[in-house]
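S.K.: So that we are looking at the same thing, I have put the structure below in structure tokens.
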Amino acid sequence: MPVVFGIDISDEGTSVASDKNDEAVKFPTAVVKERDSDRWMIGEQAYEMMLDNRALKTDKLYTMIIKGNMATVGEIRYTAQELMKIFLKLVLDETTKFLGSGYPEYIVLSIPYIDDKIIEKFVQCFLQLGYEREKIHIISRCESFIFYVMSKKKDIWNNQVGMFYLADSNLHYFELRVQRSAKNTVVYSESKEMDERFNLGIINSTSGSRMADRILTSCAERMLGKKVFSTIFLSGKGFEKTEWAESFTKYICSRRKVFADEDLFAKGSCIRGFDFASKKPIFNFKCICDGRLDTGINLNLIKKDNEYSYEIASAGDLWCGKSITLRLIADGNQDIEFILSPVDIYKNTRIIKVPLDFMPKRPSKTLRFELGISFKDSMTMILDMKDVGFGDIYKASPQSAVHREVNLWD
Amino acid sequence: MGLILCEDIVADKPYYVEELDINIYSIEELGYILYEHPLLVMEDFISTALFDFIKTELKKESLAISIEKMYAEKISDENIIIYILETLDFYKSSEISRYKNLITNYRKLKRVEFLKAKADYMFGIKRYGKAIRFYSIICKQPPDRNIADKFQGKIWHNMGSAYANLFLYEKALEAYKKSFEYLKDNDILKKIYFLSKLGEDEVFTEFLDDNGIESIDASWDEEYNETLKKALASQRIDYLDSIMKKDSYEKRLLINELAAAWKQEYRNML
């Protein structure tokens, strides 16, 4: 079996899970540089040096990389990506040292939200560290939640599964449901950042913990309502201990199983990593969550006398970085028809027509155009169409081009 | 009706089609030329150079091998073309059937009729120089009782029109005169009259005398003047006038540009 690391990263901390250890190895998402030296450090030793004023700390690396900020450390300016690369290298070094394992062959990194640019930045960090692109996967926390849950026995996810994630100053609710049909199994997961938030420091006082408990209970009542849940998971630093949240735990424990796992996202990522590393998929379901399309997209094309369906994207595909370019010839049609097939059986298949009125007037069979398809997010398909001419017979007209955004959702 | 997915391959070294003075870069373009220009491709289009192009540039090795074999077995060019069209995903079977019928009809024509159809086709796509070459071949055929005067007259008439489109007025005039000898058609006489007005009027007078024609239609002068007026009011003349009003630097640039376009247009006609 290859060495696989599942890493979860956010400003609150970074956890690394592997099959070598039950618990994830944890680090603050920060790097420390020794004064008057090129030595970078992470972890406890780094913090000790910083407290002794022998080193400089740069934290909130995740936010930095999202915003594309720069930081000056010891009179040298670093990009967020450079600092992230240093941090990730040290994370891998320290973890392998701690576990006594080799360096991972596959890495799956889970991040709070999927964004095209962030994914590329992380991928670049790993590529610069010598990893192969195919063995690096960046997934959403929703996806790692799915794989964590689906690796458990069926009674855990037979009905809906909820999860509360409580970190330093934010509270997230995740929900998962499994839809089974004769054709396939689809697992949906979505997350929501709760409006209610409190600093974890307040749970150290009696009155503060009472208030925090009330907030959580009210959230749970609102989110769980009358739905049927098999299991509720608790994760995040806030649930390291649950004694302070007496009424919340009482509410969520009624008629369902409740588990707490601080390393849920890192472990879910690691499970996902083994799925990627396996020659045959370990799990047999479509995964619909942040970062993945919930709608299949097809085009009807013709070949000689026959019409056939050409798949642009399948439900469950990653929308991030997905880019398709086709050269098509419009043989008498006024528009191009996309067939959108939501994976949700309760939603109808839709046809979206995009007019080809940007094309110049030319005889049939010579209206050749290029169709570029990419995605802005899971619900927005971007179309870039341009006339590419028909060789010397009809030259391309550069002004004949169109950019369209197509909403994939009703 | 529908959308056709194109093949990804675009030739680095295109295939030059001399009759049309164009390069072919893709299998779709090749299919289109074969289908849309049957008269151009029925003879002398299938060649080893085309097989090489299909094999090395369009990366269609099996198709190239098949047609090369057909060629070696002396299978007719039109059957090879039909085979290529059937192999592509570009045309429906109904379109191929239509094409086959068209080819069969062309093959039923006498040799001179086929050459005329080819020449007329060249004329239709404004390849006047090539049209003249085919009309000349027909005219050089030994006298044949089966070729009617009317047919010969039409050949000379079309050749005259092709010369006129190339601004070779003297040659056009000669061809129209020959045509008149066969057809004695008033419309041809009118064309001779118009052409003579562009050159020397005496030529026409001599021609009338030689053919014993006493008078011509009085409305022709009016028609000639009207046509001239229309030509002078055309967009091309307006554009030329607008160029002449520009400052000297811009004028020179635009004139050069226009001259280059006209030269190219003329070269394409040859």
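S.K.: Pick from A:ILE119, A:ILE65, A:ILE114: which is touching a Ser or Thr at 6+ places or on another chain (Cβ under 8 Å), in the same structural domain as A:GLU12 (by TED's automatic domain parsing) and surrounded by 15 or more Cβ atoms within 10 Å (Cβ to Cβ)?
M.R.: Criteria check complete, one pass: A:ILE114.
S.K.: Condition first: surrounded by 14 or more Cβ atoms within 10 Å (Cβ to Cβ), under 29 Å from A:SER378 (Cβ atoms), touching a residue at least 24 places away in the same chain (Cβ under 8 Å) and of a type in the set (Lys, Arg). Can you find one or more residues in the stretch A:27-40 that meet it?
M.R.: Looking for residues that are surrounded by 14 or more Cβ atoms within 10 Å (Cβ to Cβ), under 29 Å from A:SER378 (Cβ atoms), touching a residue at least 24 places away in the same chain (Cβ under 8 Å) and of a type in the set (Lys, Arg), one finds none in the stretch A:27-40, hence no.
One line per residue, one yes/no per condition, for (1) surrounded by 15 or more Cβ atoms within 10 Å (Cβ to Cβ); (2) touching a residue at least 12 places away in the same chain (Cβ under 8 Å); (3) of a type in the set (Val, Ile, Thr):
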residue	(1), (2), (3)
B:ILE54	yes, yes, yes
B:LYS59	no, yes, no
B:TYR71	yes, yes, no
B:LYS74	no, no, no
B:ASP77	yes, yes, no
B:ILE80	yes, yes, yes
B:LEU85	yes, yes, no
B:ASP89	yes, yes, no
B:ARG98	no, no, no
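S.K.: Now for a separate question. Of all helices (runs of 4 or more DSSP H) completely enclosed by the stretch A:78-190, which ones contain at least 2 residues that are more than 17 Å from the chain's Cα centre (by Cα) and more than 24 Å from A:PRO2 (Cα to Cα)?
M.R.: Output list reads A:80-99, A:154-157.
S.K.: Still on this model: Kindly list, by first and then second residue, each pair from a residue in the stretch A:141-162 that is under 11 Å from A:PHE229 (Cα atoms) to a residue that is charged (D, E, K, R) and not in a strand (DSSP E or B), limited to pairs with Cβ atoms under 8 Å and residues at least 6 apart or on different chains.
M.R.: If the second residue must be charged (D, E, K, R) and not in a strand (DSSP E or B), the pairs left are A:GLN160/A:LYS227.
S.K.: In the stretch A:378-404, what count of residues is obtained for those that are more than 22 Å from the chain's Cα centre (by Cα) and either within 30 Å of A:ILE139 (Cβ to Cβ) or not assigned by TED's automatic domain parsing to the domain that holds A:ILE312 (or both)?
M.R.: Selection size over the stretch A:378-404: 4.
S.K.: Taking the stretch B:159-191, which residues are of a type in the set (Lys, Arg) and surrounded by fewer than 18 Cβ atoms within 10 Å (Cβ to Cβ)?
M.R.: Matches in the stretch B:159-191: B:LYS171, B:LYS184, B:LYS190.
S.K.: Continuing with the same structure: Can you pull out every residue in the stretch B:11-26 that is more than 9 Å from every other protein chain (Cβ to nearest Cβ) and surrounded by fewer than 17 Cβ atoms within 10 Å (Cβ to Cβ)?
M.R.: Hits for the stretch B:11-26 are B:ASP12, B:LYS13, B:TYR16, B:GLU18.
S.K.: Does A:ILE215 fit the bill of being among the aliphatic types (A, V, I, L, M) and at pLDDT below 95?
M.R.: yes
S.K.: With the structure loaded, tell me whether A:ILE288 is closer than 24 Å to A:ASP115 by Cα and either within 14 Å of chain B (Cβ to nearest Cβ) or in contact with a strand residue (DSSP E or B) (Cβ under 7 Å, 6 or more places away or on another chain) (or both) or whether it fails that test.
M.R.: When the stated conditions are applied, A:ILE288 passes them.
S.K.: Search the stretch A:330-345 for residues that are closer than 18 Å to A:LYS365 by Cα and within 14 Å of chain B (Cβ to nearest Cβ) and pair each with any residue that is among the hydroxyl-bearing types (Ser, Thr, Tyr) and in a loop (DSSP other than H, G, I, E, B) when their beta-carbon atoms are under 9 Å apart and the residues are at least 6 apart or on different chains.
M.R.: The qualifying pairs are A:ALA330/A:SER364; A:ASP331/A:SER364; A:GLY332/A:SER364.
S.K.: Still on this structure, I have one more. Go through the stretch B:75-128 and give me each residue that's within 14 Å of chain A (Cβ to nearest Cβ) and either touching a strand residue (DSSP E or B) at 6+ places or on another chain (Cβ under 6 Å) or polar (S, T, N, Q) (or both).
M.R.: Residues satisfying the conditions are B:THR87, B:ASP89, B:SER93, B:SER94, B:SER97.
S.K.: Consider only pairs whose beta carbons are under 7 Å apart and that are at least six residues apart or on different chains; among these, list those whose first residue lies in the stretch B:201-221 and is in a helix (DSSP H, G or I) and whose second residue is polar (S, T, N, Q).
M.R.: B:VAL203/B:SER196; B:PHE204/B:SER196
S.K.: Also: Would you confirm whether any residue within the stretch B:72-90 is small (Gly, Ala, Ser) and in the same structural domain as B:ALA148 (by TED's automatic domain parsing)?
M.R.: So far as the stretch B:72-90 goes, no, none of its residues is small (Gly, Ala, Ser) and in the same structural domain as B:ALA148 (by TED's automatic domain parsing).
S.K.: Which one is farthest from the other protein chains (Cβ to nearest Cβ), of the residues in the stretch A:305-327 that are more than 16 Å from A:MET381 (Cα to Cα), without any contact (Cβ under 8 Å) to a residue 60 or more places away in the chain and of a type outside the set (Phe, Trp, Tyr)?
M.R.: Here the answer is A:SER309.
S.K.: Another question, if that's okay. Spot the failing condition for A:TYR251; the list is (1) more than 26 Å from A:LYS26 (Cβ to Cβ); (2) outside any helix (DSSP H, G or I), and only one is missed.
M.R.: Condition not satisfied by A:TYR251: (2).
S.K.: Read through the list (1) under 22 Å from A:GLU307 (Cα atoms); (2) surrounded by 16 or more Cβ atoms within 10 Å (Cβ to Cβ); (3) more than 13 Å from chain B (Cβ to nearest Cβ), then give the number of the only condition that A:ILE351 fails.
M.R.: Every listed condition holds for A:ILE351 apart from (2).
S.K.: Could we say that B:SER161 is of a type outside the set (Lys, Arg), in a helix (DSSP H, G or I), over 26 Å from A:ILE393 (Cβ atoms) and away from chain A (no Cβ under 14 Å) here?
M.R.: no
S.K.: Can you name the condition, by its number, that A:SER230 falls short on among (1) among the small types (Gly, Ala, Ser); (2) over 22 Å from A:ASP8 (Cβ atoms); (3) without any contact (Cβ under 8 Å) to a residue 60 or more places away in the chain?
M.R.: Against the list (1) among the small types (Gly, Ala, Ser); (2) over 22 Å from A:ASP8 (Cβ atoms); (3) without any contact (Cβ under 8 Å) to a residue 60 or more places away in the chain, A:SER230 comes up short only on (3).
S.K.: Okay, next question. Going through B:LEU34, B:LEU50 one at a time, which residue ends up being away from chain A (no Cβ under 13 Å), closer than 25 Å to A:TYR394 by Cβ and outside any loop (DSSP other than H, G, I, E, B)?
M.R.: Just one listed residue meets the conditions, B:LEU50.
S.K.: Return the total of residues in the stretch B:67-105 being farther than 20 Å from B:ILE9 by Cα and either part of a loop (DSSP other than H, G, I, E, B) or in contact with a Phe, Trp or Tyr (Cβ under 8 Å, 6 or more places away or on another chain) (or both).
M.R.: 14
S.K.: Let me ask you something else. Which of the residues spanning the stretch A:185-209 are under 30 Å from A:TYR346 (Cβ atoms) and out of contact with any Lys or Arg (no Cβ under 6 Å at 6 or more places or on another chain)?
M.R.: Across the stretch A:185-209, the qualifying residues are A:THR185, A:VAL187, A:SER189, A:GLU190, A:SER191, A:LYS192, A:GLU193, A:MET194, A:ASP195.
S.K.: As an exercise: evaluate B:PHE45 against (1) without any contact (Cβ under 8 Å) to a residue 60 or more places away in the chain; (2) within 14 Å of chain A (Cβ to nearest Cβ); (3) outside any helix (DSSP H, G or I) and give the number of the one condition it does not meet.
M.R.: So B:PHE45 meets the others, but not (2).
The values are calculated or read from the model by the stated rules, or taken from the named source; none is laboratory data. Just so we're clear, the structure is a prediction, and the values are computed from it rather than from any experiment. Cβ atoms come from the backbone with ideal geometry, glycine included; neighbour counts cover every protein chain shown.
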